[in-house]
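The values are calculated or read from the model by the stated rules, or taken from the named source; none is laboratory data. Computed from a predicted structure; not experimentally measured. In this analysis, Cβ positions are derived from the backbone assuming ideal geometry, glycine residues included, and neighbour counts consider all displayed protein chains.
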Amino acid sequence: MENLEERGHLLTEQVNPNSQNLDQLTTLELVELFNREDAKTLSAIAAVKVKLAQAIEMIASAIGRGGRLFYVGAGTSGRLGVLDAAECPPTFCTPPELVQGIIAGGAGALVRSSEDLEDRIEDGVEAIAHHQVKIPDVVIGISAGGTTPFVHGALKAAHQRGATTISIACIPTQQVKIEADLDIRLLVGPEVLAGSTRLKAGTVTKMALNILSTGVMVQLGKVYGNRMVDVAVTNKKLHDRALRILQDLTSLSRQECSHLLERSRRQVKLALLMHWTGLDRQEGEYLLSKHQGNLRAAVGSCK
């Protein structure tokens, strides 16, 4: 692993020639500079589209076999992983244990800087053991600069336990080698503020995680068309969204959709299946279970 005392050559640590006079720019010039630099995140994602697709297939396959997905990181990278994991249950009605975020320093590191805790390889190993990672789990190690010992320790431990490993970093492979089954490099170049990887590196990482988790949930049948039919109806906003989805896909009135939603015990996917097939709730639940929760497949089987 890269010597932590020799990080200056890393792409994420280099000085950006386009922002040498950052402290002399007007506020408008500063915003325009950020806008130009942030545009590079789109190219970085496009450059790894094949690997992102491979990752989606690997994760969906693993979850289909009973596996879980873990994001592991420190600092900004760790927080982004925890954020993506936390957003899966309300968006896709997944159990909290299906997608989990592990951050160096634990929950306290989410709100208070604990970057010093990323330097312990053994903590990464311990975190993997604590979560009882095993076959067919997937562990994604996130490290903008690619050298975080906590992440390297976690990836190695996960591999030894038989889990599938994926790495995400923002430096070229020739600068730092990362042992993983799939190695994804998001190359956005030096930051506007030298070394501040919460900027472009953080943005492109968030984009990648959005694509991965959403893509996996699409593969798992938690989306119909482009609607989140597995949305958890847990507050007024989500209740309204559920009703709008039902209205759009059934042409029923809002009141009729409200009755349908309650009959399905606030399960949008089940409500749609009941409406389209005439099945009652128990029959619909059985059919969905038979098709691993895939609404389109369940509806198709009734034709």
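General observations
Residue by residue, here is whether (1) farther than 23 Å from Glu57 by Cα; (2) touching a helix residue (DSSP H, G or I) at 6+ places or on another chain (Cβ under 6 Å); (3) outside the structural domain of Leu42 (by TED's automatic domain parsing); (4) of a type outside the set (A, V, I, L, M, F, W, C) holds:
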| residue | (1), (2), (3), (4) |
| --- | --- |
| Gly146 | yes, no, no, yes |
| Pro149 | yes, yes, no, yes |
| Gly162 | no, no, no, yes |
| Ser167 | no, no, no, yes |
| Lys177 | yes, no, no, yes |
| Ile184 | no, yes, no, no |
| Val188 | yes, yes, no, no |
| Arg198 | yes, yes, no, yes |
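- Contacts under 7 angstrom Cβ, first residue in the range 225-253 being closer than 15 Å to Ser264 by Cα and not assigned by TED's automatic domain parsing to the domain that holds Met274, partner part of a helix (DSSP H, G or I) and among the charged types (D, E, K, R), 6 or more apart: Val229/Lys269; Asp230/Lys269; Val231/Arg241
- Residue identified as surrounded by fewer than 19 Cβ atoms within 10 Å (Cβ to Cβ), over 29 Å from Gln267 (Cα atoms) and in contact (Cβ under 8 Å) with a residue 12 or more places away in the chain among Gln132, Gln54: Gln54
- Test result for Thr277, among the polar types (S, T, N, Q) and in contact (Cβ under 8 Å) with a residue 60 or more places away in the chain: no
- Where Gly108 falls short, out of the listed (1) outside any loop (DSSP other than H, G, I, E, B); (2) out of contact with any Leu (no Cβ under 6 Å at 6 or more places or on another chain); (3) surrounded by 19 or more Cβ atoms within 10 Å (Cβ to Cβ): (3)
- Residue within the range 38-47 that is assigned to a helix (DSSP H, G or I) and buried (at least 20 other Cβ atoms within 10 Å of the Cβ) present: yes
- Single unsatisfied condition, Ile178 versus (1) part of a loop (DSSP other than H, G, I, E, B); (2) in contact (Cβ under 8 Å) with a residue 60 or more places away in the chain: (2)
- Filtering the range 257-274 to residues that are in contact (Cβ under 8 Å) with a residue 12 or more places away in the chain and in a helix (DSSP H, G or I) leaves Cys257, Ser258, Leu260, Leu261, Arg263, Val268, Lys269, Leu270, Ala271, Leu272, Leu273, Met274.
- The lone criterion from (1) within 29 Å of the chain's Cα centre (by Cα); (2) surrounded by 15 or more Cβ atoms within 10 Å (Cβ to Cβ); (3) assigned to a loop (DSSP other than H, G, I, E, B) left unmet by Thr214 is number (3).
- Unique match (being touching an Asp or Glu at 6+ places or on another chain (Cβ under 9 Å), surrounded by fewer than 24 Cβ atoms within 10 Å (Cβ to Cβ) and among the hydroxyl-bearing types (Ser, Thr, Tyr)) among Thr148, Thr173: Thr173
- In the range 64-79, the residues that are touching a strand residue (DSSP E or B) at 6+ places or on another chain (Cβ under 7 Å) and either in contact (Cβ under 8 Å) with a residue 40 or more places away in the chain or among the hydrophobic types (A, V, I, L, M, F, W, C) (or both): Gly67, Arg68, Leu69, Phe70, Tyr71, Val72, Gly73, Ala74, Ser77, Gly78
- Summed over the range 275-290, residues that are assigned to a loop (DSSP other than H, G, I, E, B), surrounded by fewer than 17 Cβ atoms within 10 Å (Cβ to Cβ) and not small (Gly, Ala, Ser) total 1.
- Test: residue in the range 219-239 that is at pLDDT below 95, outside any helix (DSSP H, G or I), of a type outside the set (Val, Ile, Thr) and at positive phi: yes
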